[in-house]
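Written out below as structure tokens is the structure these notes cover.
Every number in this text was worked out from the coordinates using simple rules, so none of it is lab data. The structure presented is a predicted model; accordingly, all values stated were derived computationally and were not measured. Here the Cβ positions follow ideal geometry from the backbone for every residue, glycine too, while neighbour counts run over all protein chains shown.
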Amino acid sequence: MSNRIDRCFEKLAESGRTALIPFITAGDPEPDWTVDIMHALVQSGADLIELGVPFSDPAADGPVIQKSSERAIAKGVSLGCVLDYVRLFRENDADTPLVLMGYLNPIERRGYDRFATDAAQAGVDGVLLVDCPPEEMGLLRDGFDKAGIHSICLVAPTTTEERMERIGRQAGGYLYYVSFKGITGADRLDASTLSQPLEKLRRHSGVPVAVGFGIKDAESAAAVSGSADGVIIGSALVATLAGAASAADAAERARGFLAPVRAAMDNTGP
């Protein structure tokens, strides 16, 4: 079933552009600012948004995103709140793909089928669960498939080719390639080493490949965009938003951060 993610990447491929995919933590810095920030990101060139679902033990995330989750949880932000943000966003944006990124526990608590139905009705296009490998997606996948929601899969540099092939057969929307082994926010990205693993991934999957971890500014995003179908940027953006004084300030920070990244990616020649 085609959804917004598929249409987005098809359109970008036709124009020879790379997807810019910012990540923010829902409810941070303030719950009421989230939707304004999302719209500001789209205005500044975001093609797709990954919306982090706050979780008390985000093991794959570095301190910046961990603290953003803690702040959001302290202000009462739950999975239900995140779905409400998606609904509000959809009132003025019917086209930008939205992916929820997080951990399995909040979805288990809500119930797999209920979550799939609620997420689809809110306007979610994909879900990436950091702690749920493809082999364990069986209980969720049927509900997601029926709802037209893509299961976004993670692939790491340590992933064997055999497992790459297995993940590639199940992947929907896009593959999230972790640029190095570690946690979000670390700084060990070497864009020159990406071409070979990305080409290998493409041989095993028919979906685009987006790269995350270690991309923190316009320069690193432009370097990665030469070989990736999508560039994911999270921790640096979350850190930029953290000190905002108001919704307007947060939206302006989002625009000021992302617009130069989009410009640098678009100016990257062959």
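Modelled this way, with points 7 Å down the Cα-to-C-beta line, the labels at ASP217 and ARG203 are 3.6 nm from one another. Placing a label point 7 Å from the Cα of ASP57 along the Cα-to-Cβ direction, the residues of the range 100-125 with a backbone N closer than 12 Å are 104-106. Taking a ≥ b ≥ c as the square roots of the eigenvalues of the Cα gyration tensor of the range 112-250, is the shape rounded (a/c under 1.5), prolate (a/b larger than b/c) or oblate? Oblate, because a/c is 1.5 or more while a/b does not exceed b/c.
Within the set of other residues whose C-beta is less than 12 Å from the C-beta of GLY27, count the net charge using Lys and Arg as +1 and Asp and Glu as -1. Summing Lys/Arg as +1 and Asp/Glu as -1 gives -3. Between the amide H of ASP131 and those of LEU104, distances stay under 5 Å, these residues lying 5 or more places away or on another chain, with hydrogens modeled in the peptide plane.
Using the Cβ of MET164 as centre and a radius below 11 Å, the other residues enclosed give a net charge of +3, where K and R count +1 and D and E count -1. Taking label points 7 Å from Cα along the Cα-to-Cβ direction, GLU70 and SER15 give a separation of 4.0 nm. Over all Cα atoms in the range 4-266, the spread is summed up by Rg and Dmax: 16.8, 49 Å.
How high is the FRET efficiency from ASN92 to THR160, r the C-beta distance, R0 30 Å, rounded to 0.05?
Values: r = 44 Å, r/R0 = 1.46.
Once rounded, the FRET efficiency stands at 0.10.
Between the amide H of ILE233 and those of ILE21, PHE23, distances stay under 5 Å, these residues lying 5 or more places away or on another chain, with hydrogens modeled in the peptide plane.
Under 11 Å from the Cβ of VAL127, count the other residues' Cβ atoms, weight Lys and Arg +1, Asp and Glu -1, and hand me the total.
On the way: positive: ARG141; negative: GLU50, ASP125.
My count for the surroundings of VAL127 gives -1.
Under the rule of -39500 (n - 2.57) per DSSP H run of 4 or more residues, summed and divided by the residues of the chain, what mean residue ellipticity at 222 nm is obtained, to the nearest 500 deg cm²/dmol? Intermediate values should be presented prior to the final figure.
Values: 12 runs with 130 residues, N = 270.
Theoretical 222 nm ellipticity from helices: -14500 deg cm²/dmol.
For the chain, no complete DSSP H run has alpha carbons reaching 30 Å or more along its own long axis together with a mean Kyte-Doolittle score of 0.5 or higher.
For the pair ALA248 and ASN105, what calculated FRET efficiency results from E = 1/(1 + (r/R0)^6), where r is the Cβ-Cβ distance and R0 = 35 Å, to the nearest 0.05? Walk me through the numbers before you get to the answer.
Numbers: r = 34 Å, r/R0 = 0.98.
According to the calculation, E is roughly 0.55.
Centre-to-centre, using Cα atoms only, the range 217-254 and the range 43-73 are separated by 12 Å.
Could you count how many Lys pairs in the chain have their Cα atoms under 23 Å apart, skipping same-chain pairs fewer than 8 positions apart? Intermediate values should be presented prior to the final figure.
Working: LYS67/LYS75; LYS67/LYS181; LYS67/LYS216; LYS181/LYS200; LYS181/LYS216.
Lysine pairs meeting the criterion: 5.
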